[in-house]
Amino acid sequence: MAFMRGKQQVEEVEKYDIAIWNCDNPDCNAWMRQLYSFEKDPVCPLCQSTMSQEIRLLPVLSHSISP
Ligand SMILES: [Zn+2]
């Protein structure tokens, strides 16, 4: 029995709304998941600017999911 796929298989990555810290400096692209930072008012590790909370749609890494 042939099991054929007409197209290349596309890996679907599940994405979720994840809270992150986003650097306020427009010249800096740094951001980090809030999972890794419990600070209330973190500063950017790259440019030391303040960071704002933001929600982003990100692929979830299976290893980092906690029930
Ligand atoms: Zn920055």
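Summary of computed values
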read-out	value
Compactness relative to 2.2 N^0.38 Å, alpha carbon Rg of segment 14-59	1.11
FRET efficiency, SER49 to ASP17 (Cβ-Cβ, R0 30 Å, nearest 0.05)	0.80
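Computed from the coordinates by the stated procedures, all read-outs in this text should not be read as laboratory data. Everything numeric here is computed off the predicted structure, so don't read it as measured data. Please note: Cβ atoms are built from the backbone with ideal geometry, for glycine as well, and neighbour counts cover all protein chains shown.
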